[in-house]
Structure formats: structure tokens, C-alpha cells
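A.B. asks: Take a look at this one; I'll ask things after.
Derivation of every value follows stated rules applied to the coordinates shown; laboratory data play no part. Predicted model, so just to flag it, every value in this text is computed and none were measured. Cβ coordinates were reconstructed from backbone atoms using ideal geometry, including for glycine residues, and neighbour counts include every protein chain displayed.
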Amino acid sequence: MHILITGGAGFIGSHLSERLVADGHAVTVLDDLSTGQMSNLAALTDQPGFDFVEGSILDRALVAKLVEPAEVVFHLAAAVGVKLIMEEPSRSILTNVAGTENVLDAALRNNAHTFIASSSEVYGKTTKFPFNEDDDLTIGATKNLRWSYACAKTLDEFLALAHARESGLPVTVLRFFNTTGPRQTGRYGMVLPSFVTSALEGKPLMVHGTGDQSRCFGHVADVVEALCRLMATPKARGEVFNIGTDQEITIRGLAEQVIEATGSSSEIQLIPYDEVYPVGFEDMQRRLPDVSKLKAAINFRPKLPLSRIIDDIIAERRAPVPA
Ligand code: NAD
């Protein structure tokens with residue numbers, strides 16, 4: 001099959017590209033290398049059936065050209081990470097809304113099965129747990145720009161599902177919960193790689209707020225397995241899925257586990273949100289997915305526990321940098 005992956009030089013996209021090429025598919029990656037990097041695709045650049053195109057999802061003509069031969073599109077390109085969204089909100093909104101519009105417009109022309117990367121952020125401040133795909137979504141005030149990411153992803157979902165309803169476009173919405181593992185960078189505010197780097201350098205692990213907020217972390221290899229199974233499942237078309245695990249840990253607990261796994265002498269430092277983000281920044285206390293729909297559709301249970309994710313990131317950080 002011919003598959004286009006936007007954002008394929010990024011963290012999830014590069015792992016997915018490797019898997020799909022290994023499964024015998026022809027894969028084209030479109031990426032502007034803003035947060036992704038070529039080194040993520042080092043194992044693929046010489047492989048037959050793999051093609052990399054540097055460019056933006058905001059380039060309508062380029063997107064149309066690359067979608068045309070594709071039977072499946074994984075649209076993962078986006079401005080990602082709370083830190084980046086807070087620093088460059090208008091560019092992030094444009095990328096996450098107009099870019100998706102371009103991809104869906106192009107997919108309509110050849111009826112490509114299009115997977116739209118959404119996020120657990122769309123659940124916003126919902127306090128009904130676990131989060132189910134059919135639940136109401138509760139986001140904060142527009143003056144708090146943090147919610148622009150959730151809103152943009154929500155609009156992406158609406159647009160995809162509207163095309164499914166109006167034109168029969170095969171779409172699947174992927175609401176990713178915290179996905180982590182090797183190649184994820186801590187530069188844009190991703191918590192686990194930042195903790196591992198700090199612990200290995202003997203620096204304090206900066207925990208925002210009280211550290212009592214909890215998250216569920218999934219290994220990127222498990223997530224890629226779920227994506228491949230969804231691709232092969234006709235039942236996934238027209239549907240929204242939570243993608244992740246339902247094993248919760250507080251951020252303080254995560255920091256403690258990283259310190260133990262690295263054998264580091266680092267300490268945990270609690271930092272008030274106001275020192276990191278603009279005053280009034282809101283965080284979610286819990287993000288717990290209901291994964292029963294994913295399990296029912298593809299018989300999926302994540303295999304790799306948090307300890308394995310941490311070990312894999314430590315091993316990557318300790319590996320010698322290639323010359
Ligand atoms: P990532 O930053 O590693 O990947 C995003 C990729 O998109 C990068 O390679 C970047 O260079 C590329 N990109 C950004 N703007 C682009 C543009 N205008 N044109 C072309 N390429 C562009 O992040 P990731 O964690 O791999 O995220 C992949 C997708 O999953 C994103 O849509 C993100 O919103 C979603 N997501 C991820 C998580 C997670 O925990 N990793 C959670 C929720 C949602």
C-alpha cells in the first residue's frame with residue numbers, strides 16, 4: 001500500500017514510518033523539520049519504498065500532489081507541546097487548523113483513508129473519569145491561549161467527521177494520550193524525556209505545580225501497533241478512538257521513578273505554574289482514557305509498562321552519539 005505520513009520525521013511519525021516500511025508498504029513522509037529531525041529517519045533514508053519530502057502541510061499544492069497517490073494518510077504534522085503552543089500560539093493555530101484542512105481537501109479527491117491525530121487535550125477540564133470518546137468536552141476561556149491547541153484539534157475532528165458524513169470520506173480520529181519513548185524530545189515541554197535528561201545530568205527534576213496531577217503514559221511501540229491494527233480494521237472508519245493506556249501515575253511519582261531508574265542523586269523541585277507559564281495558566285489534574293472502544297475494535301492491550309518506557313529512554317540517552 002502507498003501511505004503518506006505528515007509529520008513523519010517527528011517522534012510518533014518516525015516510529016510509524018519504520019514499522020510500515022518493515023511491513024512492506026511504500027511510505028512517503030512530508031515534514032518541515034520544525035520539531036522533527038532527519039536523524040529520526042536515519043534507518044529509512046536508503047530503504048526502497050521510502051521517500052522523504054521536506055515541506056509544509058500549509059503548502060496546498062504540495063499536499064495535493066503527495067496525497068494523490070496515497071491510499072492511506074496518517075496526518076500527524078502539527079504544532080505540538082504546551083510550551084510551543086504558549087510561545088507561538090498564532091502560528092500553532094494556523095498549522096493545526098489550515099494544515100488539516102489542506103490534508104482533508106486533498107484526501108477527498110482520491111478517497112484516501114485519513115487518520116487525523118487529535119489529542120487528550122480536547123477533553124479539557126472535564127472531571128468525569130475515565131474520558132469516553134462520546135463525552136462532552138469542556139475547555140477554558142479564550143484568553144487562556146493554552147486551550148487554543150484543544151480547540152484546533154477539536155475543529156480538526158469536526159472537519160474530518162463532517163467530510164465522512166457528507167462525502168463518505170474514510171476517516172479515523174486518533175485521540176492520543178501521553179505517548180512517549182525514544183526519540184521524544186524534551187525541548188517542547190514533554191515531561192518524561194525532560195525528567196530523564198535532568199536525572200542523567202544530576203540536575204533537579206522540575207515538577208510543575210504540586211506534582212499531584214496524574215497522567216497515563218503509553219510506549220510509542222504499543223501506540224504504533226494500535227495504529228497499524230486500526231488501519232487494517234474497516235470498523236475504524238468514521239470513528240474516534242482514545243489511544244493510550246489507563247495506568248495512572250502522578251507527575252511527582254513519575255519523577256521519583258525516573259530518579260530511581262537512573263540511580264541519580266537529583267532532587268525534585270516543585271515550581272509554581274505562574275513561574276513557568278503566564279499567570280492564570282490552567283492544567284488538568286487527571287487525564288484518564290476509557291480504552292474499552294479501542295480494545296473492542298482491535299483487541300488491543302498495551303504490552304509495555306512505564307518502567308520499560310523509562311528504561312528505553314535512558315538507554316537512548318546513554319547511547320553514544322553516532323559520528
Ligand atoms: P512531533 O513534534 O515529534 O511531531 C510532529 C511533526 O510534525 C514534527 O516532525 C514536525 O516537524 C512536523 N510539523 C510541524 N509543523 C509542520 C508543518 N507545517 N508541515 C509539515 N510538518 C510539520 O510530535 P509527536 O509527539 O510525534 O506528535 C504527532 C501527532 O500526535 C501530533 O499531531 C500531536 O498533536 C499528536 N499528539 C501527540 C501526543 C504525544 O503524547 N506524543 C499526544 C497528543 C497528541
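A.B. asks: So which of Lys83/Lys125; Lys83/Lys203; Lys153/Lys293; Lys65/Lys293 end up more than 27 Å apart, counting from Cα to Cα?
C.D. replies: Those over the limit are Lys65/Lys293.
A.B. asks: Calculate the spin-label point distance for Ser292 paired with Lys143, positioning each point 7 Å from the Cα along the beta-carbon direction, and give it in nanometres.
C.D. replies: Calculated label separation equals 4.0 nm.
A.B. asks: Can you give the FRET efficiency for Arg318 and Ala162, using 1/(1 + (r/R0)^6), R0 = 56 Å, r = Cβ-Cβ distance, to the nearest 0.05?
C.D. replies: 0.75
A.B. asks: Related question: Set Lys and Arg Cβ to +1 and Asp and Glu Cβ to -1, take the dipole of the chain about its Cα centre, and tell me which of Val63, Phe11, Ala164 lies farthest positive.
C.D. replies: Result: Ala164.
A.B. asks: Extending each Cα 7 Å along its Cβ direction at Val279 and Arg187, get the distance between those two points in nm, one decimal.
C.D. replies: Taking the two extended label points, one gets 3.2 nm.
A.B. asks: Run the dipole for the stretch 117-190 about the Cα centre, Lys and Arg Cβ at +1, Asp and Glu Cβ at -1, nothing else charged, and hand back the magnitude in debye, nearest 20.
C.D. replies: That gives the stretch 117-190 a dipole magnitude of about 440 debye.
A.B. asks: Specify which residue in the list Ser264, Gly280, Met231 is farthest towards the positive end of the charge dipole of the stretch 230-284, using unit charges on the beta carbon of Lys, Arg (+1) and Asp, Glu (-1), about the Cα centre.
C.D. replies: Met231
A.B. asks: Here's another thing I want to ask about it. Which FRET efficiency value, to the nearest 0.05, is calculated for Asn299 and Asp135 with the Förster distance at 30 angstrom and r the Cβ-Cβ distance?
C.D. replies: 0.80
A.B. asks: A further question follows. Once both axes come from the Cα atoms, what is the angle between helix 89-110 and the longest principal axis of the chain, in degrees from 0 to 90, rounded to 10?
C.D. replies: Computed tilt is about 30 degrees.
A.B. asks: Got a sec? Which residues in the stretch 149-182 would a label at Asn111 touch, if it sits 7 Å along Cα→Cβ and we count backbone N under 18 Å?
C.D. replies: 161-172
A.B. asks: Once you've got the GNM for the chain with C-alpha springs shorter than 10 Å, pick whichever of Asn40, Asn144, Asn242 has the biggest mean-square fluctuation.
C.D. replies: Evaluated over the chain, the most mobile residue of the options is Asn144.
A.B. asks: Report P(r) for the chain: all Cα-Cα distances, bin width 20 Å, range 0 to the bin holding the largest distance, values in whole percent.
C.D. replies: Taking all Cα pairs of the chain, the binned fractions are 32, 60, 7 percent.
A.B. asks: Could you work out how much longer the chain between Thr45 and Thr210 gets when fully extended? Use 0.36 nm per residue separation minus the Cα distance between them, nm to one decimal.
C.D. replies: Separation in residues times 0.36 nm, less the Cα-Cα distance, equals 55.0 nm.
A.B. asks: Quote the charge dipole size of the stretch 261-323 about the Cα centre in Debye, to the nearest 20; the model charges only the Cβ of Lys and Arg (+1) and of Asp and Glu (-1).
C.D. replies: Using only the charged Cβ atoms, the result is roughly 620 debye.
A.B. asks: Taking Cα atoms, how many degrees apart are the long axis of helix 251-262 and the longest axis of the chain, rounded to 10 and kept between 0 and 90?
C.D. replies: Rounded to the nearest ten degrees, it is 80.
A.B. asks: Using θ = phi - 60° and the Karplus curve 6.51 cos²θ - 1.76 cosθ + 1.60, what whole-Hz ³J(HN,Hα) does each residue of the stretch 158-165 get, with Gly and Pro shown as x?
C.D. replies: 4, 4, 4, 6, 5, 5, 4, 5
A.B. asks: Something else now. Whose amide H sits under 5 Å from the amide H of Arg175, counting only residues 5 or more places off or on another chain, with H placed in the peptide plane?
C.D. replies: Ser118, Phe241, Asn242, Ile243
A.B. asks: Follow-up. What list of ³J(HN,Hα) couplings, whole Hz, do you get for the stretch 11-16 from phi and the Karplus terms 6.51, -1.76, 1.60, once you set θ to phi - 60° and write x for glycine and proline?
C.D. replies: Rounded to whole hertz, the list is 5, 5, x, 6, 5, 5.
A.B. asks: With a 10 Å Cβ neighbour count serving as the proxy for reagent exposure, in which order, fewest first, do Met206, Met190 appear?
C.D. replies: Met206, Met190
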